[in-house]
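Working notes for the structure below.
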Amino acid sequence: MYRKILVAYNGTPESASALHECIRLNPDASAEIHLLGVINDPTPPIVGDFGTPASFNPDEQIAADKKKMDRELSLGLKILQEAGLAPIVHLEVGEPVAVIEETVRKLGIELLIVGHGRHHSWAARWWRGSTDATLIERISCTLLIAPEPHRR
């Protein structure tokens with residue numbers, strides 16, 4: 001049985017699948033469940049001589065994104081609590097794969113659960129790369145990839 005589980009969640013149907021996979025595992029009451037939301041750092045890169053647009057305020061964007069992600073995490077927390085779990089909620093800012101990797105390492109996570117959507121064409125995934133594949137290469141724990149819910 002896994003003692004430390006991390007569920008990556010952002011409110012999408014795919015990440016909701018990750019929540020439900022965690023519930024289906026029926027972790028022991030002594031298991032430590034962590035629910036992680038990650039906000040991308042909105043600071044645009046400075047390109048050439050043009051620099052960052054003067055009207056862009058990354059602090060305002062982060063505050064708005066945090067407010068939205070707080071709402072999503074509250075919904076995810078409620079789903080897990082209704083299933084009898086008591087997760088610890090984390091909200092971080094950064095590049096999602098790097099944040100997940102760091103959280104896994106810092107907390108000693110044994111199982112990471114992420115959702116995966118199939119809405120992109122195989123060509124788009126090939127050109128863009130896959131977050132799931134990147135995670136496999138960067139984490140040192142078991143990775144459970146929950147598929148998106150079936151569309152009816």
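The values are calculated or read from the model by the stated rules, or taken from the named source; none is laboratory data. Only a predicted model underlies this, so the values are computations on that prediction, with no experimental measurement involved. Don't worry about glycine lacking a Cβ; one is built from the backbone with ideal geometry, like all the others, and counts go over all protein chains shown. What goes into the accessible areas is simple: the full protein's heavy atoms, side chains included, and nothing from ligands, DNA or RNA. Shrake-Rupley method; radii C 1.70, N 1.55, O 1.52, S 1.80 Å.
Looking at Asp49, Asp70, can you tell me which residue is acidic (Asp, Glu) and modelled with pLDDT under 95? The unique qualifying residue is Asp49. Return yes when Glu32 is of a type in the set (D, E, K, R) and at pLDDT 90 or above and no when it is not. Criteria met by Glu32.
Residue pairs whose Cβ atoms lie under 6 Å apart, separated by 6 or more positions or on different chains, with the first residue in the range 1-29 and assigned to a helix (DSSP H, G or I) and the second buried (at least 23 other Cβ atoms within 10 Å of the Cβ) and at pLDDT below 95, are Glu14/Gly115; Ser15/Gly115; Ser17/Gly115; Ala18/Val114; Ala18/Gly115.
Of all residues in the range 60-107, how many are open to solvent by less than 60 Å² (accessible area, probe 1.4 Å) and touching a Ser or Thr at 6+ places or on another chain (Cβ under 8 Å)? Adding up the residues that qualify gives 5.
For Leu143, are the conditions met, namely being in a strand (DSSP E or B) and either at pLDDT 90 or above or farther than 20 Å from Cys22 by Cα (or both)? Yes; evaluated as a whole, the condition is true for this residue.
Based on this model, can you work out whether Glu110 counts as under 21 Å from Lys4 (Cα atoms) and either loosely packed, with under 12 Cβ neighbours inside 10 Å or modelled with pLDDT under 85 (or both)? So Glu110 fails the test.
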